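Every number in this text was worked out from the coordinates using simple rules, so none of it is lab data. All values derive from a computational prediction rather than experimental measurement. As a convention, Cβ positions derive from the backbone with ideal geometry for all residues, glycine included, and neighbour counts pool all protein chains shown.
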Amino acid sequence: MKSLAELKAIRDKARAEIDLRKENPNAARVLVGMATCGIAAGARPVLNAFVEEITKRGLTKDITVTQTGCIGICQYEPVVEIEIPGQEKVTYVKVAPEMVPKIVNDHLVNKNVVTEYTIGAISN
Amino acid sequence: MYRSNVLVCGGTGCTSSNSLTIVNKLKEEIKRMGLQDEVNVITTGCFGLCALGPIMVVYPEGSFYSMVKVDDIPEIVEEHLLKGRIVTRLLYQETVENDTIKSLNKTAFYEKQKRVALRNCGVIDPEKIDDYIAQDGYAALGKVLTEMTPEDVIQTILDSGLRGRGGAGFPTGLKWKFAAANDADQKYVCCNADEGDPGAFMDRSVLEGDPHAVLEAMAIAGYAIGASQGYIYVRAEYPIAVKRLQIAISQAHEYGLLGEDIFGTGFNFDIKLRLGAGAFVCGEETSLMTSIEGKRGEPRPRPPFPAVKGLYQKPTILNNVETYANIAQIILKGADWFASMGTEKSKGTKVFALGGKINHTGLVEIPMGTTLREIVFEIGGGIPNGKKFKAAQTGGPSGGCIPEEHLDVPIDYDNLLAIGSMMGSGGLIVMDEDNCMVDVAKFFLEFTVDESCGKCTPCRIGTKRLLEMLEKITNGQGTMEMIDEMEELCYYIKANSLCGLGQTAPNPVLSTLRYFKDEYISHIVDKKCPAVVCKNLLEFTIDKDKCIGCGMCARKCPASAIAVTDYTAPGKKKPAYAIDTEKCVKCGACMDTCKFKAISKG
């Protein structure tokens, strides 16, 4: 180790992994429905896409990605719910991995709900 | 990037209840479900709740599974890790409230704790230096080497008010200042990891859970006093700690965080491990250094103090593991932050190993000034089986007992000394009404008699004579004069022994005499042990009206001391049995056998 910059580089790289092991009550939560219906409809690639995107953007400290069970709207799986503290819960339906970067960018980062992917837009 | 982390405790407690088999089974099941790229399994250090081991925590949910069995693993993997359904049934039930799961940090055991020395235990993988660095590891060393002078470092430690966590509570900064002031061609930084008090395992957990914290702090100390070589003297009885230290040292070398020209500043520092040979006295500073030198572990007179002439006759500082575990945090967060915790003269936090008659056996870290009542009844979950608290023993064989009347004393170095005990390294053994205090004193004296190195007479012979008197009292051969004789001998041993072992060895006797003299008197005058522990004062009797004459006890008795009588109780078909107290060896086998609770002891 020849410089502090070198240490910092290792730290930043390793930090995302550790952030996952800390409880942050103020973190935004991404809940991916992973019951049988969700898994069958392709929820796992979606879950992993969220993890990748959030890591890439260095947001692991502020956003946690969790699985959840069936929420009862199996025809709309994969279902993803996003909870930002102090805001109303938003439910995205029929989510595909390609939609994930947009949801992360617009909703989680810039706080603009991607209305066209939400349950309201699709079920109409 | 993994979406989920499964942390399994790999400390000594959980390892001995098979946590490593659980790790293997987890990996196998995760692979079977095809989740190996999504779920990471990490072996960590101690979580503290050893009574509930093996412990496993799943993040990001923070689900705390306790007493995990290998057979539970397939269910947890399929339900929780694959389908996202937490297996509530297998969680630590205190985290489950009205069907909702609360954070572990909100449970009684963790809520009042403040983890500074243990901050990384149960969070990082102790065998991965990157995990430690992610938690700002080695940043304090970087800061010290690039921004601070050795004087600044010492001043920061002085200002923080940190005192030695090994027992005596000497101000750490002062120790460093003395060693820094002495000019020498070579100085040494030593770490005392020879944790030997019965029931104490704080240092072991730090070494097992966060070994780099100790290495980093030793390097900082080296810079502060001008030393380039460190030694860690660790018990050979701690194989996991030794292994993780070895891994940590070699990883730090690989990264150039130990060795030459650290951070390009020209500062050199290296650390060697020395394994203890199993002698308690080697935890005493001068014996420890003598042992590192390759000689028989015996103390030497002070002065000269180690800061003047220590290891190999060179200026040396010696700090305990837990003391070092605080250093990097003080450098990074500042002396004021550390001094804001604790009491006026005892700053920061202290780790205690809870043991004995307590529900949550394990490791807790609390701010100084927390009361014993909070530790035992809130964090520790109280006494099992509804028994009554009698005393808590702190400081191991050097410490004393704290009775119920002092439950509300805020715990710090000075308060504990004032009530006749001491902080010690942090073992805290809880005793209930079934513990005999004379027997407890005898237990610790047996320990010190065994462990006295024999170099000085007051300790070698004095402790032996003390033990003989205690044995006589517990055998029913004591006299009232013995109490005064013991007390006099205690003060003599304290005043005249060469090292800390002898100087503190009489403390268990003195403190039990101070608070539980009535128990001594019962043993001497009434020939009774009030807690029904001391064998030779016990008498087993059969209640002839409860005895149905089955004869089970007589068949079990190894001394043939039980025989049938010619008395048949009203309503019983066979004559009752009776114990011949002359022949009875007081093994208690009859009492365990009797299904009719007709046998009692007292």
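Some observations on this one:
- Order of B:Asp414, B:Asp71 under a 10 Å beta carbon neighbour criterion, fewest first: B:Asp71, B:Asp414
- Dividing the helix sum by the residues of chain B, where each DSSP H run of 4 or more adds -39500 (n - 2.57), gives a mean residue ellipticity at 222 nm of -10000 deg cm²/dmol.
- Modelled label positions at A:Ile71 and A:Ala40, each set 7 Å beyond Cα in the direction of Cβ, lie 2.0 nm from each other.
- Of all DSSP beta bridges in chain B, antiparallel share, percent nearest 5: 55 percent
- The residues neighbouring B:Thr12, those whose beta-carbon lies less than 9 Å from its own, together hold a net charge of 0 under the Lys/Arg +1, Asp/Glu -1 convention.
- For the range B:4-106, the relative contact order is 29 percent, taking Cα pairs closer than 8 Å that sit 6 or more residues apart in sequence and dividing their mean separation by the residue count.
- With neighbours defined as other Cβ atoms within 10 Å of a residue's Cβ, the residues B:Ser19, A:Ser3, B:Ser287 order from fewest to most as A:Ser3, B:Ser19, B:Ser287.
- Share, in percent, of DSSP beta bridges within the range B:129-339 that are antiparallel, nearest 5: 15 percent
- Equivalent ellipsoid dimensions for chain B as semi-axes, Å, which come from the Cα gyration tensor, largest first: 46, 35, 20
- Among the helices of chain B, those built from whole DSSP H runs whose Cα atoms reach 18 Å or more along their own axis and whose mean Kyte-Doolittle hydropathy is at least 1.0 are B:211-225.
- Going by neighbour counts of Cβ atoms within 10 Å, the residues B:Arg555, A:Arg44 line up, fewest first, as B:Arg555, A:Arg44.
- Dipole magnitude for the range B:179-237: about 120 debye, using +1 per Lys or Arg Cβ and -1 per Asp or Glu Cβ, origin at the Cα centre.
- Computed helical MRE - 222 nm, chain A, DSSP H runs ≥ 4 contributing -39500 (n - 2.57), nearest 500: -10000 deg cm²/dmol
- Partner chain coverage, peptide B:129-142 - average Cβ within 10 angstrom: 5
- DSSP beta bridges confined to the protein assembly as shown are antiparallel in about 55 percent of cases.
- Building the convex hull from the alpha-carbon atoms of the range B:538-601 and averaging its projection over directions returns 3.7 nm².
- Cα-based Rg of the protein assembly as shown normalised by 2.2 N^0.38 Å, two decimals: 1.12
- For peptide B:50-62, the mean count of partner chain Cβ atoms within 10 Å of a residue's Cβ comes to 3.
- Under the criterion of Cα pairs below 8 Å and six or more residues apart, the relative contact order for chain A equals 26 percent.
- What you get for the range B:4-106, charging only the Cβ of Lys and Arg (+1) and of Asp and Glu (-1), is a dipole of about 160 debye around the Cα centre.
- Relative contact order, whole percent, for the range B:538-601 stands at 46, derived from Cα pairs under 8 Å and 6 or more residues apart.
- Net charge contributed by nearby residues that have their C-beta within less than 9 Å of B:Asp131 (K/R +1, D/E -1): -3
- Other residues whose C-beta falls under 13 angstrom from the C-beta of B:Asn268 contribute a net charge of -2, scoring Lys and Arg +1 and Asp and Glu -1.
- Check: chain A dipole with +1 on Lys, Arg Cβ and -1 on Asp, Glu Cβ, in debye: 480 debye
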